[in-house]
Structure formats: structure tokens, C-alpha cells
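*Asks:* I am attaching a structure below and will ask some questions about it afterwards.
The values are calculated or read from the model by the stated rules, or taken from the named source; none is laboratory data. No experiment lies behind these values; they were computed from the predicted model shown. Please note: Cβ atoms are built from the backbone with ideal geometry, for glycine as well, and neighbour counts cover all protein chains shown. With ligands, DNA and RNA removed, areas are computed over all heavy atoms of the protein, side chains included. Shrake-Rupley method; radii C 1.70, N 1.55, O 1.52, S 1.80 Å.
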Amino acid sequence: YLIEIDFGYSIAAHSSENVSHLPSASLIAQALPEAEILELPLSQCCGLSSSAIISWAQTSETQEHEHNNKDPTNRQNVPLVIMLHGFPDTSLTFGADIHQHFSEKGFDVVVPTMPGYEPSSVRPLYFISVIAEDLRLWLQYFNRTTVHVVGHDWGSVVAEVGALRYPNMMTTVTLIAVPANVLQGFLIAPRQLLHSWYFFFFQIPIAPLLWLKYADGVNYLHLSWGKYSNYDTPPVILQDGTVNNPYGASLQAVFQGGKDAAGVLTSTISYYRQNFGALLIWPLLLCLAVPAVCTFGRSSWLFSLLLFFTLCSLSTLASIVLMRFSETSSTPIDIFNAIRFSLRQFVESLQLASSRTNELHVPTLGIAGLKDQCILPELYNISMVQQRHLFHAGMDVVFVPNGSHWVHREWTHGLCTALDQFWESTSTQR
């Protein structure tokens, strides 16, 4: 079937038998025996799709007809929980206990594989504004009355931007490990940049790919971001290259995969290259332009014309650098869209940091581990607790004493309880 979206594109939903997905169906079956695999459309791309894991609501009390109907687009009154993973991660990061808990509560639980994390969704553009459009398309696809969006790491950023843009499509939003208004936190607490050293490292060509694929980079990030907590999950990829659980196998397939994962590894770090890179490149162009104008004078129309074309050339070059692919990608790079989205991302980042356009009208819950070594928990105080006036529909933050960046994996029962209470409180307020 075809799904028409208002970009004017026709997005085809592929059969899962014809495209390569990560995690594979066999890994999903091991980790989540009751779950199924769906195909979700993507914006900005014709013929690309992301897979998603779905655990159907389990109930025999109400709406029996809808609950027995396994068409995900025809279950309007069945509440939906959509969970978005981050980096370096896969859709199996939200484990069986979470799926079972919420499906038994009567929710459909959907965990998409984020764009670029599998060959079927590899594309040139990974700006958050584009990923937020994907989220909008997914919400439109499911067409539910009640939708709770839960994000972790990059998934939190996408969830926040989605809530800012499409508040009427979400019932609540939960941000795990990355707070709302996180750019303000970076500016006020610059020591966060030391913990975000990899933002800069990932701008370098080739080296990050080699580090992640051959030097156990994924294990290093998982363990270093949780080293002071009770994160007792064993290394997900063992020294001899083997894994001892489906989750570890899924990470290995994404970040150390071979030809079956062509273009995927580069795509995962393109989230950093494009979104963080946009903050670096446009100020750099401005720094080049201002001294030039001051040196040669503003009265020369010839110089102004030359400067204009120089800036266009530099921005084109910058956009190509942003999307440098050292692995094969079958999707062509659209330079015009690259420039447009790069500039748009820069402007939107400035707006988010200004506190004027980042007011949320969706009930918001933040969850932070106090021993997180990736995103400092103090950013939740700076960006959310001290900015409570920006959350017009209400906001709360839960700090987990022994939680790390992977608080959703080490505090599973507490997470489920916190979400239950939050969702119940928001339903009584409406």
C-alpha cells in the first residue's frame, strides 16, 4: 500500500522479507518472542522505510474487537507508547520487561529503528528537523487518540522537537538521559563539553568509524557512561568478538556489521556531524565573511557579488563535508537540501537556546541518572527545573540516585512505575 504525505512524495511500505533490517527478525524473536515487525515510512525519501518492533496490547476487558485487530492503523482507541532509542544503541535497548509491562497495561508498544540504523533507511540527511518529520509521519500513520512518546539520548531530542512542533499529536513526552532545552545546559555548564568530547571526535573523517568498528568503541561508550552506577550489564561485545545476548548481538550487527550494514555506521554518527556540525560551520562562514567585508569595503558591488558566490561555494562544500560518507550509500546527496537543512538546523538551534520558541505545551517528564557520565544530571536542573515556566502543560523530573546514562536498562521496574504514575496524573488533569 502507499501512504501519501504532504511533501508530495509517495512512501512505499516494504515487506520485511525484501529489505535488510537491524536488529534482524531472529534477534527480535530471541529477545521479544511475542513481538512483531512493522514497516514505517520515512519523510524526505521515496522508497525508504524503517522497521519497528511492536508488542500488541493484551487485554480482554474492553475494546476487544480493536485489540484483536492487528492492523496498526485501525486501532484508534488503543493507547500507544512509542519509544525512540539513541546512540550507540538499537531498538532492543527497551527490553522485554518494558514491552510486557505496558502491553499488559493495555498499550501497544512500538520501538522504531531510528533512521540510518539499518540499510533500508540509510539516506544523506539526519538533521533533527528531518527526523522530527519522520516522527510526525509515524504518529500520523498510527492515528491514535492517546500517544505517549518516550525518548532516550538522541531519541529524547527527537521527542522534544516533535512535541514543540506537533503538540496536538502527543499526549505526553518523556525525556530520558537528555533534558529539554539541552543547548542552554551546554552554554551554562561548559564542563559538559568535556563529557561530550565525542561530539568533536565524530567530526573527523574515517577515524570514528575505525574506532567504533574495530577498537571496541561501542563497549567503551556503554561502560564509561555507566561506570559509576549499578549498571552491571556485562560488556555487550566480548573480547573475542562474540556476544552472549540478543541486545549485544544487535549492537554488533549495527556497529561492527559487514556488507549487510553498508552505510549504517556512517549514518549513526551523521547525527552528530550534521546537527552539531551545523553549529560549527555557519559561524565559521560568518567569521570569514565579516573580516573580508571590513577589509575590502562595503561599497564595491563587485566584491559583494564575489563574496556572495564565495559563501555559496563554501556552504556547499560545508554541506558535503557534513555528509561525508566513507561507506557506500545508494542514496544520492541533494546539495540544495543539504544547505537548506544545515542553515535551518543552525537557526533552530539558536532559537532553542534563546528560551523564546522552546515552550512546550505537552506534559513532560524528565528522567536522569545521577551518575550519568554522558549527559550531566545538573543539566536537568538548568534546562528544566529552573525553566519550569516554559512547560505550560506541566513538567516533572525524576532523579535516579544510582542511575547512569542507561537508566532505562538498569532501573526498568522503576521506569515503568514512574511512567505509569505520570501518565495517570496527566489523564486525570485533562
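*Asks:* For ASN74 paired with HIS389, estimate the spin-label separation in nm (one decimal), with each label point 7 Å from Cα along the Cα-to-Cβ line.
*Replies:* Once both label points are built, they end up 5.1 nm from each other.
*Asks:* Quantify, in whole percent, the carbon and sulfur part of the accessible surface of segment 133-192 (1.4 Å probe; protein heavy atoms only). Intermediate values should be presented prior to the final figure.
*Replies:* On the way: 880 of 1540 Å².
Whole-percent figure for carbon plus sulfur exposure: 57.
*Asks:* Between THR417 and HIS361, what is the label-to-label distance in nm when each label sits 7 Å out along the Cα-to-Cβ direction?
*Replies:* Result: 3.5 nm between the two label points.
*Asks:* Just report the Cα centroid separation between segment 193-226 and segment 90-135, whole Å.
*Replies:* Comparing the Cα centres of segment 193-226 and segment 90-135, I get a distance of 22 Å.
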